[in-house]
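Accompanying notes for the structure given below.
The values are calculated or read from the model by the stated rules, or taken from the named source; none is laboratory data. Treat the numbers as computed from the prediction; the structure is a model and nothing was measured. Glycine gets a Cβ as well: all are built from the backbone with ideal geometry, and neighbour counts include every protein chain shown.
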Amino acid sequence: MNFYVKFMSSRRKLSMKECNEEINLQKCNCTWDPCSRKGICCECLRYHWNMRELPACLFPDEVERTFDRSLRRFIEIYKNKV
Ligand code: SF4
């Protein structure tokens, strides 16, 4: 099998990998119940990053509940913890 065929078949396996939505949901701390992206982490990250925000799971629960998912808030929380 040549390199190109190997490369393409490995990419196909990756693209067919299923989302672990059920497992993700068990670990999701987001309290915004109506969200359709819950458990679909790639969509969640893309959605928030487009607004220069971060997903709920990167914030402590008490901050998550404020729905302030801004980078500013994230940096404020972690600036002295790295
Ligand atoms: S963090 Fe945002 S996108 Fe992700 S599940 Fe919660 S409300 Fe939806």
Considering only residues of the stretch 25-53 that are within 19 Å of PHE74 (Cβ to Cβ) and of a type in the set (Ser, Thr, Tyr), which is surrounded by the fewest Cβ atoms within 10 Å (Cβ to Cβ)? THR31
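What are the residues in the stretch 46-82 that are in a loop (DSSP other than H, G, I, E, B), of a type in the set (Phe, Trp, Tyr) and under 13 Å from the mean Cα position of the chain (by Cα), if any?
Correct list: PHE59 only.
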Looking only at the stretch 15-45, how many residues end up being assigned to a helix (DSSP H, G or I) and not hydroxyl-bearing (Ser, Thr, Tyr)? 13
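Being more than 13 Å from the ligand (Cβ to nearest atom), surrounded by fewer than 10 Cβ atoms within 10 Å (Cβ to Cβ) and at pLDDT 95 or above narrows it down to one of GLU22, GLU76, GLU18, so name that one.
GLU22
Sort out which residues of the stretch 71-81 are under 17 Å from ASN29 (Cβ atoms) and out of contact with any helix residue (DSSP H, G or I) (no Cβ under 7 Å at 6 or more places or on another chain), and write them in order of number.
The first filter runs over the stretch 71-81 and keeps only residues under 17 Å from ASN29 (Cβ atoms), leaving 73-74, 77-78.
The one that is under 17 Å from ASN29 (Cβ atoms) and out of contact with any helix residue (DSSP H, G or I) (no Cβ under 7 Å at 6 or more places or on another chain): TYR78.
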